[in-house]
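One structure below.
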Amino acid sequence: MRPLAEWRSPARLRGLLFDIDETLTTEGRLTAEAYAAMERLKNAGKIVVPITGRPAGWCDHIARMWPVDGVVGENGAFYFRMSNGKLHKTFQDGHAERARNRGRLQAIGERILAQVPGCALASDQPYRETDLAIDYCEDVPALPLEAAERIAGLMRAQGLSAKISSIHVNGWFGTYDKLAMAKRLFAEAFECTAAQLQKDFAFAGDSPNDAPMFAFFEHSVGVANVARFKGRLEAEPKYVTRGASGAGFAELAAYLIGTV
């Protein structure tokens, strides 16, 4: 990972895709600095799209209220975006399949809670449409990363895809991920090919569930706290900010709009 200062000509890029938790936010809070940076990107004409593991309930609000062009949620289960003043929702799976899977995920979650002391269902689980989120350090006393890896292993043993974020372990039925739905969003909403997405946009993240994005984008960036997962990333970002979390996001935004 190279320092962000070594990145040449970032201002030519069309936009930024980015994780939310501990990439945009700082210790669970969206700071004024980070929100203002997001708004400056939008006002500069950049396409701005969060790519998150957070639930459908949150993403409904994000798509409506934040200065963004759309949002991918639940690790690639859907994208939401405003168009002509209306919220449009596109899911990977149909309504009946999502409803059927929620019951199966609930049972798996109960077994995991019994086998990994100290973890809990994520507090945002009631707002999820498609996945199971197990909290290992957000609203519970922080567990070691080894516990998160054990939770992911238990999910995979039950046939789920599983990814570790900075706060949760997420599991879902299916093989989709953040990258697959990001490609679909950009093809359908912006007539942007995968090749154009890869070279004309940047991605910022901080944790293992961002690895497919780090690998795909020519211009991938980790905020400084990505170092927490050193040795646990299937692919590393090409660049890293000096600042952590929201401060790192604001630093990156300044590079993209040419104010540094």
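The values are calculated or read from the model by the stated rules, or taken from the named source; none is laboratory data. Since the model is a prediction, treat every value here as computed from it, not as a measurement. Every residue, glycine among them, receives a Cβ derived from its backbone with ideal geometry; neighbour counts consider all protein chains shown. Protein only, heavy atoms only, side chains kept; ligands, DNA and RNA dropped before computing areas. Shrake-Rupley method; radii C 1.70, N 1.55, O 1.52, S 1.80 Å.
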Original post:
Projected onto the charge dipole of the chain (+1 at Lys/Arg Cβ, -1 at Asp/Glu Cβ, origin at the Cα centre), which of W58, A180, L252 gives the Cα projection farthest towards the positive end?
Top reply: A180
Original post:
Which ³J(HN,Hα) values, rounded to whole Hz and listed in residue order, are derived for region 245-255 from phi using the Karplus coefficients 6.51, -1.76 and 1.60 in 6.51 cos²θ - 1.76 cosθ + 1.60 with θ = phi - 60°, glycine and proline given as x?
Top reply: 6, x, 5, x, 4, 4, 4, 5, 4, 4, 5
Original post:
Taking K and R as +1 and D and E as -1, what net charge do the other residues with C-beta under 10 Å from the C-beta of Q198 add up to?
Top reply: 0
Original post:
Got a number for the accessible area of K238? Probe 1.4 Å, square angstrom, nearest 10.
Top reply: 60
Original post:
Excluding A77 itself, what net charge comes from residues whose Cβ is under 13 Å from its Cβ, given Lys and Arg +1 and Asp and Glu -1?
Top reply: +2
Original post:
Residues with amide H under 5 Å of A244's amide H, sequence separation 5 or more or different chain, H placed in the peptide plane at 1.01 Å from N; which?
Top reply: A224
**OP:** Determine which residues of region 12-37 fall in the zone a paramagnetic label at A195 would reach in this model, i.e. backbone nitrogen under 18 Å from the point 7 Å along Cα→Cβ.
**Re:** 14
Original post:
Rounded to the nearest whole Å², what accessible area per residue is found for the chain with the 1.4 Å probe?
Top reply: 42
Subject >> Accessible carbon and sulfur surface of the chain relative to its total accessible area, %, 1.4 Å >> reply: 50
Original post:
Which value, in debye to the nearest 20, describes the size of the charge dipole of the chain about its Cα centre when Lys and Arg Cβ atoms bear +1, Asp and Glu Cβ atoms bear -1, and nothing else is charged?
Top reply: 500
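Using R₀ = 30 Å, calculate the FRET efficiency as 1/(1 + (r/R₀)^6) where r is the Cβ-Cβ separation of H88 and E110; round to 0.05.
Numbers: r = 34 Å, r/R0 = 1.15.
Taking R0 as 30 Å, the efficiency between H88 and E110 is 0.30.
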**OP:** Starting at the first residue of region 228-233, write each ³J(HN,Hα) from the Karplus equation 6.51 cos²θ - 1.76 cosθ + 1.60 with θ = phi - 60°, in whole Hz, x for Gly and Pro.
**Re:** 4, 9, 4, x, 10, 9
Subject >> Residue-averaged 222 nm ellipticity for the chain, from DSSP H runs of 4+ at -39500 (n - 2.57), nearest 500 >> reply: -11000 deg cm²/dmol
**OP:** With a 10 Å radius around each residue's Cβ, average the other Cβ atoms per peptide and rank 111-122, 54-65, 164-175, highest first.
**Re:** 164-175, 54-65, 111-122
